[in-house]
Amino acid sequence: MALWGNRELVYDFSTITVDLDAGTITGSGTTFTDSAVGISTGNVITVGAGATGGYAVIKTIDSDTVISVATTDFLIGNSSGVTYTISEEPIYTLGDSAYRAPDAKTVGYSTSPVTTAVYGIDATEVGVANTATGDARKYAPAHSGWVGITTYIQESTGELRVKTEVLVAGGIANDAEDTVYPDA
């Protein structure tokens, strides 16, 4: 089981059902065991848009439709028919209170929602972020790798604040597109 990899998106086909009591996630029409898909133990599954269902580390791939998770501590509850993504993000971020699910929350320094997430950012995305203007430029990280992002609106000025933290420096495979870090 690796501590992290370089793929931001390994798999995200169809929907899943989370069973906290059994410690399993069941997919609908999924092919978890297909070697071409590339899912492996140690991958992180993010449940729901914005991690509204939490995160878990894959312990075993039991069948095409069932995976077992190492712990349900970072899952928020049982759910059915929810979207998900599987990535190779660093598993230690699941226990980090700065990035704990859900991605959007209200914390002590802002009454507006504070959004936190971990992104795999490749060199092209860093270059685009560094040449961006306006609020998009605020997302520019120091370099490529696994980067933690915290955003919020500063109460006194109404200005968008973006904090980036390089968690693991390194090369990320350009295999997932997101709106925060585009390639062009």
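In this structure, does V114 turn out to be under 25 Å from Q154 (Cβ atoms), assigned by TED's automatic domain parsing to the domain that holds T150, of a type outside the set (S, T, Y) and touching a helix residue (DSSP H, G or I) at 6+ places or on another chain (Cβ under 6 Å)?
Values: under 25 Å from Q154 (Cβ atoms): yes; assigned by TED's automatic domain parsing to the domain that holds T150: yes; of a type outside the set (S, T, Y): yes; touching a helix residue (DSSP H, G or I) at 6+ places or on another chain (Cβ under 6 Å): no.
No; evaluated as a whole, the condition is false for this residue.
Mind checking which residues of the range 56-68 are farther than 13 Å from A22 by Cα and either in contact with an Asp or Glu (Cβ under 9 Å, 6 or more places away or on another chain) or part of a helix (DSSP H, G or I) (or both)?
A56, D64
If I filter the range 8-51 down to residues being touching an Asp or Glu at 6+ places or on another chain (Cβ under 8 Å), of a type outside the set (G, A, S) and modelled with pLDDT under 90, which single residue comes out as surrounded by the fewest Cβ atoms within 10 Å (Cβ to Cβ)?
L9
Which residue is surrounded by the fewest Cβ atoms within 10 Å (Cβ to Cβ), if the candidates are limited to the range 69-86 and must be assigned to a loop (DSSP other than H, G, I, E, B) and among the small types (G, A, S)?
Initially, the range 69-86 is screened for residues assigned to a loop (DSSP other than H, G, I, E, B), giving 70-74, 76-78, 83.
Those left that are additionally among the small types (G, A, S): 70, 77.
On the way: A70: 17, G77: 11.
Step by step, filter the range 69-86, then rank; the result is G77.
Could we say that G170 is surrounded by fewer than 12 Cβ atoms within 10 Å (Cβ to Cβ) and either outside the structural domain of L75 (by TED's automatic domain parsing) or at pLDDT 85 or above (or both) here? Talk me through it step by step, then tell me what you get.
Working: surrounded by fewer than 12 Cβ atoms within 10 Å (Cβ to Cβ): no; either outside the structural domain of L75 (by TED's automatic domain parsing) or at pLDDT 85 or above (or both): yes.
No, not satisfied.
Listed here are the residues, each with its yes/no results for (1) loosely packed, with under 15 Cβ neighbours inside 10 Å; (2) within 16 Å of the chain's Cα centre (by Cα); (3) not polar (S, T, N, Q).
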{"site": "E89", "(1), (2), (3)": "no, yes, yes"}
{"site": "D96", "(1), (2), (3)": "yes, yes, yes"}
{"site": "R100", "(1), (2), (3)": "no, yes, yes"}
{"site": "Y119", "(1), (2), (3)": "no, yes, yes"}
{"site": "V126", "(1), (2), (3)": "no, no, yes"}
{"site": "T131", "(1), (2), (3)": "yes, no, no"}
{"site": "H143", "(1), (2), (3)": "yes, no, yes"}
{"site": "Q154", "(1), (2), (3)": "yes, no, no"}
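Counting only residues that are hydrophobic (A, V, I, L, M, F, W, C) and free of Cβ contacts under 8 Å to residues at least 60 places away in the same chain, which one in the range 9-33 is farthest from V57 (Cα to Cα)?
Of the residues in the range 9-33, the ones hydrophobic (A, V, I, L, M, F, W, C) are 9-10, 13, 16, 18, 20, 22, 25, 32.
Filter again for free of Cβ contacts under 8 Å to residues at least 60 places away in the same chain, leaving 13, 20, 22, 25, 32.
Values: F13: 18, L20: 13, A22: 15, I25: 11, F32: 14 Å.
Out of the qualifying residues, it is F13.
Of all residues in the range 63-90, which are hydroxyl-bearing (S, T, Y) and touching a strand residue (DSSP E or B) at 6+ places or on another chain (Cβ under 6 Å)? Steps first, answer last, please.
Applying the first criterion (hydroxyl-bearing (S, T, Y)) to the range 63-90 yields 63, 65, 68, 71-72, 79-80, 83-85, 87.
Residues satisfying the conditions are T65, S68, S79, S80, Y84, T85, S87.
Of all residues in the range 54-68, which are small (G, A, S) and at pLDDT 95 or above? Step through it out loud before you land on a result.
Of the residues in the range 54-68, the ones small (G, A, S) are 54, 56, 63, 68.
A56, S63, S68 - these are the residues of the range 54-68 that are small (G, A, S) and at pLDDT 95 or above.
The values are calculated or read from the model by the stated rules, or taken from the named source; none is laboratory data. Remember, it's a predicted structure, so these values are computed and weren't measured experimentally. Backbone-built Cβ (ideal geometry, glycine too); neighbour counts: all protein chains shown.
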